[in-house]
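Presented below is the structure to which this report refers.
Please treat every number below as a calculation from the coordinates, not as lab data. These numbers come from a predicted model, not from an experiment. When we count neighbours, we look across all protein chains shown, and the Cβ atoms used for this are built from the backbone with ideal geometry, even at glycine.
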Amino acid sequence: MQTQELTRLGVPQGAALKSGMEFIANFISQGGESARLEEELGAIISKPESFLGDPLREAFARDLYAPAYKQRDQIAPWHQWGVGLDASAVQQLANACALPVAVAGALMPDAHSGYGLPIGGVLATEDCVIPYAVGVDIACRMRLTVYDRKASTIAGQKDRLANIIESETRFGMGCEFKQRRQHDVMDEDWSVSPITRRHKDKAWAQLGTSGSGNHFVEFGSFSVSADDAVALKESGFDIKPGEYIALLSHSGSRGAGAQVCQHYSRIAMDRRYDLPNEMKHLSWLTFEEEAGQEYWAAMNLMGRYAEANHALIHKHIAKKVGAHVMLDIENHHNFAWKETHVVNGESREVIVHRKGATPAGAGVLGVIPGSMATPGFVVRGKGNPESLHSASHGAGRVMSRSQALQSFAWGNVKRQLAAAGVELLSAGLDEVPGVYKDIHSVMAAQTDLVEVLGKFEPRIVKMCPAGEKAED
C-alpha cells in the first residue's frame, strides 16, 4: 500500500502519513493479513481514540489527532463516520478539537474541507460560539412538503409545475421580489445587532428567495413504503403507502446572514490573534463579550428569517398547485444550539455547532438530499451521543467548483439527467450530480445515526443559472 492510498482513506499529510506507513510495515511483519489491512486502517481512522494504549496502533492513532495548534494536554474527543474522507477535512476537525474551548467533536460521512470547521463537522464548545463554525449561510435549511396528489401525474404537468417554480422563486446573488412578500419575521426586533439593523431592508427585499450556490427548489416523487407509513404515523403523520408529488427546497439566510457571519468573524479573529493562519476561522466569541451576545441574537434571528424564506416559498407554491399538504418537514444546518450532552461521563450544557450537519436527536425528523439526479431521504434521528445527535446534511462534494467546470460537459450531464427522468430548469456545471458523493454510500455509513422513513426522487429542478457566485 502506497501513501496515496492512505490519503484516499482520509489520512492527513505529515506525521500521520509517516506513522501510517510504519503501522503497515509493523502489521505485516507481525503476521497481519494483507487482505485485512484496509479494514484495520479504516477502523483506526474512524475512531483513533479507541486505539490509544494499543502497542501496535497507538502511534498511528495519536498522529491522526495531530493539531496545527495546541493549548491543552489532550485534545477533545471526536468520532468519525465513513472512510475515505477528505484528509484536509479530518485535519480541520482535529484542529478544532485542539481549541481550549472545545468539548467534543464529530465528523459526518459527507465531510469535505471548509473554512475552519469542515463541512460536515460538528463541534461542541463551552460558553462560547464560533461564527465561522456556523458558517456564512447561517441557518441554511431543507424543507419538504408532500401533497395529496399521485406522483404519476407529474409527467403530464411538467410545463405547469415548471412555470409555478419559475414564478414563485428567485435565484441569484442579488435576487429580490419586486413586490415584497409578507411575514411576521419582519416585525421582530432587527436591532439586536448593528448588522441586522443595517440590513433589514435588504433582507425584506430578499424574503422568499433562494439565492445561489447549492440552493434549489424542486418538484419530485415522494415514496412511502408500508413500513415507512407506520414509522411516519409514530411521528404524527398519517400517510398511506404510495408515491406522491412533493416539493423540496434548500436555502438559507441570504445576504443578511452572510453579513452577520463576516462582521462577527472579523471581531473574533482580532481577539484570537494568536491562532495560526490555518485556524483563524475557528476564532470564538465568549458570551461574556458584548459581541458574543450580539452574534448569538443575530444568528437566531437569521434562523427565523431563513425559516420564513422557506415558509413563503412553500406557501405560494402550494397555493398554485392547489393541493392539500399532507406532510411538512424541515431542518437546518449551519447553526449553533445550546444543548445538554454527556461528555466524559458528565452531563453539561454546551454549544453544538453543526456546519453542514443535520440535527438527529432521538425521534427528530429531518431531510437529507442527494443531488439533482439522485434521491433524498426523510430520516428520523437515533440520538447517537457520539455524533452529538447529528447526521450528514447531504451527499457532500468530491471536488471544488473550479474542478467541476473543468471536468464536465453539458452534453453528458443532460443525457444523465434524461436517464434519471429529471428536467433541469437552470443550474451551473459546478452543481451537476458528478460533483457529489454517492448518497447511498453516505446513508449506509450512518445507519447508527438515522433511520430512513421515505424517499424523494427529483423530477423538476431549479437552481441558480451558471455564472453566479455561490452563497452556500
Check: closer than 27 Å to Trp296 by Cβ and touching a His at 6+ places or on another chain (Cβ under 9 Å), is that true of Gly208?
Finding: yes
Item checked: Subset of region 426-459 (residues that are in contact with a helix residue (DSSP H, G or I) (Cβ under 6 Å, 6 or more places away or on another chain), surrounded by 18 or more Cβ atoms within 10 Å (Cβ to Cβ) and not β-branched (Val, Ile, Thr)) -> Asp430, Leu449, Leu453, Gly454
Next item on the list: Pull up region 381-418, narrow it to residues that are in contact (Cβ under 8 Å) with a residue 40 or more places away in the chain and surrounded by fewer than 21 Cβ atoms within 10 Å (Cβ to Cβ), then point me to the one that is nearest to Val224 (Cα to Cα).
Entry: Lys382
Notebook entry, point to check: In the set Asn300, Asn309, which member is closer than 23 Å to Leu123 by Cβ, within 23 Å of the chain's Cα centre (by Cα) and not in a loop (DSSP other than H, G, I, E, B)?
Noted result: Asn300
Notebook entry, point to check: Out of region 355-374, which residues are among the β-branched types (Val, Ile, Thr) and assigned to a strand (DSSP E or B)?
Noted result: Thr358, Val367, Ile368, Thr374
Item checked: Unmet requirement for Arg254, which otherwise passes all of (1) over 21 Å from Trp190 (Cα atoms); (2) in contact (Cβ under 8 Å) with a residue 60 or more places away in the chain -> (1)
Note to self: Contact list please: Cβ distance under 8 Å, first residue in region 333-362 and within 24 Å of Val452 (Cβ to Cβ), second residue crowded, with 24+ Cβ neighbours inside 10 Å and among the acidic types (Asp, Glu), pairs at least six apart or on different chains.
What the structure shows: Asn334/Asp137; Gly356/Asp110
Next item on the list: Identify, by number, the condition in (1) in contact with a helix residue (DSSP H, G or I) (Cβ under 8 Å, 6 or more places away or on another chain); (2) more than 21 Å from Lys202 (Cβ to Cβ) that Ala256 doesn't meet.
Entry: (2)
Next item on the list: Would you mind finding the one in Ala395, Ala404 that is closer than 24 Å to Gly211 by Cα, assigned to a loop (DSSP other than H, G, I, E, B), among the small types (Gly, Ala, Ser) and in contact with a helix residue (DSSP H, G or I) (Cβ under 8 Å, 6 or more places away or on another chain)?
Entry: Ala395
Next item on the list: Give me the pairs, please: first residue somewhere in region 155-180 and at negative phi, second residue anywhere and of a type in the set (Lys, Arg) and assigned to a loop (DSSP other than H, G, I, E, B), beta-carbon distance under 6 Å, and either six or more positions apart or on two chains.
Entry: Met173/Lys469
Note to self: If a residue must be under 20 Å from Asp448 (Cα atoms) and aliphatic (A, V, I, L, M), how many such residues does region 25-49 contain?
What the structure shows: 3
Next item on the list: Sort out for me the helices (runs of 4 or more DSSP H) sitting completely within region 52-152 that have 1 or more residues that are over 19 Å from Trp337 (Cβ atoms) and of a type in the set (A, V, I, L, M).
Entry: 58-64, 87-97
Item checked: When residues of region 420-435 are limited to those that are farther than 13 Å from Glu457 by Cα and small (Gly, Ala, Ser), the one farthest from the chain's Cα centre (by Cα) -> Ser426
Next item on the list: Go through region 179-213 and give me each residue that's touching a Cys at 6+ places or on another chain (Cβ under 9 Å) and assigned to a loop (DSSP other than H, G, I, E, B).
Entry: Gln206, Thr209, Ser210, Ser212, Gly213
